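FYI, it's all coordinate maths here, none of it is from the lab. None of these values were measured; they are calculated from a predicted model. No Cβ is skipped: glycine too gets one built from the backbone with ideal geometry, and neighbour counts run over all protein chains shown.
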Amino acid sequence: MNIEQCIKNANEAHSSGNTDEAMRWLKQAGSLGDLNAALDYAYFKSGENPAESVEFLNGVACADNPVVKFHKLQIGYFGEVTTSTSVVAKTLLTLGNKGVIEAYLVALSYLSIKSATFSYIAGKVCHLAPNISQQLNLALPTQGEIDKDIDQQVIEELSESLDRENKPSKVLDKSLPIEMYEGMLSEYECHYLITKFSPLLQPSMIVDPVTGEGRIDSVRTSYVAIIAPNHCDWITRKIDKAISQITNTPRCNGEALNLLRYEPGQQYKSHYDGLNEKNDALMFKDGKQRIKTALIYLNTVKEGGETLFPKFDISIAPTIGNMVVFSNTDEHGEILLNSYHAGAPSISENKWLVTKWIRECTTIYGNVVYGTHTKG
């Protein structure tokens, strides 16, 4: 059977709601060399068995395609199949040099913005994709002689950064149940998230306590982009991993990251992130209680836009790259009254951030992307 017939059968199975059959046909189409089918099947299996996904991509007819190799590396790295940071670093640079722009963009997230290696890779991005370079505010490298060993320097710095991953410093008083971390994301990563995911923005909603469904309300007047499994990439997975390590919670218990934009005057009035099992029944089914919240600021707001904790009389000004983490429930699962918080309106500029809510149990998002037994 040829690729076209396999894809047709997969579409028919998908339309009838038979996901397993659809995936069997996509597996066959991928094995025959259809790149998109191969990747769809590999990601479908990656949460359950990332090693099987990597092995599958090794055997498909399009296995030598650089794009396939990039996604195989992504699945292998976050599925803890590929554990050598030097191998990851070398592969990212090799794939970037073969024209896989995503590999260069990932590399930039592990390099110091002020380093010669960052400037070198930024120059590669500008040459390969000038429009992306412009959107991400990547400065053109200054003209000058390039160190002949620059590629090796890139590999070494990438490998060291991968070994460290994100280990930001805590700066808020340890006696408080609110933690703030400096430098969770680089300025580049913040620009990346805004640039890539802002086209997905929709008006934010709250959960109607009567219907259990979302509705627009003056309590929350921002815009939100939910970064669902089909949109998440290496950098969003990197953030998921870092948050799970910092909060000591499984990646599979996280909701999808939300990109938020507050325009001047918009706000989120005082509220609890914790759920009411009765009034929020539909949401509660997906992972049960929201036990923790992580907020990462993507820009520095000069006036307004603070995260307020009225019961502590704490006001946290948005600073690019910093993250706030707090618990919504106590050890008995009861909502913490002190978790009452608000997002104050910005005065004259947009406020950007990403949020991550962590549940008591595995979420649909977490299961799809990471499976049910993923480590932090």
Checklist entry - Nearest 20 debye, what's the magnitude of the dipole of the range 169-370 about its Cα centre given +1 on Lys and Arg Cβ and -1 on Asp and Glu Cβ? => result 340
Checklist entry - Dividing the alpha-carbon radius of gyration of the range 169-370 by 2.2 N^0.38 Å (N being the number of residues), what value is obtained? => result 0.95
Next on the checklist: Just want the ordering: Asp20, Asp34, Asp40, from fewest to most Cβ atoms lying within 10 Å of their own Cβ.
Outcome noted: Asp20, Asp40, Asp34
Checklist entry - What residue among Arg237, Arg290, Arg251 shows peak mean-square fluctuation when the chain is described by a Gaussian network model with Cα springs under 10 Å? => result Arg237
Item to check | 5 angstrom amide H check on Ile291, placed H, neighbours 5+ away | outcome: Ile358, Arg359, Glu360
Checklist entry - What residue among Lys114, Lys196, Lys124 has the largest mean-square fluctuation in a Gaussian network model of the chain, using Cα springs under 10 Å? => result Lys114
Checklist outcome for this item: Here the gain from full extension of Asn2 to Ala61, 0.36 nm per residue of separation minus their alpha-carbon distance, amounts to 19.9 nm
Checklist entry - From the phi of every residue in the range 300-315, what ³J(HN,Hα) in whole Hz does the Karplus formula 6.51 cos²θ - 1.76 cosθ + 1.60 yield, where θ is phi - 60° and glycine or proline is x? => result 8, 9, 6, 9, x, x, 5, 8, 10, 10, x, 6, 9, 6, 10, 10
Item to check | Per-residue ³J(HN,Hα) for the range 275-288, Karplus 6.51 cos²θ - 1.76 cosθ + 1.60, θ = phi - 60°, Hz, x for Gly and Pro | outcome: 9, 9, 4, 7, 6, 10, 4, 5, 5, 5, 5, 8, x, 6
Checklist outcome for this item: With the dipole of the range 1-145 defined by +1 on each Lys or Arg Cβ and -1 on each Asp or Glu Cβ, the option from Cys62, Asn11, His127 whose Cα lies farthest towards the positive pole is His127
Checklist entry - Mind listing P(r) for the range 45-157? All alpha-carbon pairs, 5 Å bins, whole percents. => result 2, 12, 21, 21, 18, 12, 9, 4, 1, 0
Checklist entry - Given +1 on the Cβ of Lys and Arg, -1 on the Cβ of Asp and Glu, and no further charges, what dipole in debye does the range 3-163 carry about its Cα centre, rounded to the nearest 20? => result 300
Item to check | Within the chain, helix-based [θ] at 222 nm, where runs of 4 or more DSSP H residues each add -39,500 (n - 2.57), nearest 500 | outcome: -12500 deg cm²/dmol
Item to check | Gaussian network model of the chain, Cα within-10 Å springs - most flexible of Asp233, Asp273, Asp149 | outcome: Asp149
Checklist outcome for this item: For the chain, averaging the sequence separation of alpha carbon pairs under 8 Å that lie six or more residues apart and dividing by its residue count, the contact order in percent is 15
Item to check | Relative contact order [Cα under 8 Å, 6+ residues apart], the range 3-163, whole percent | outcome: 15
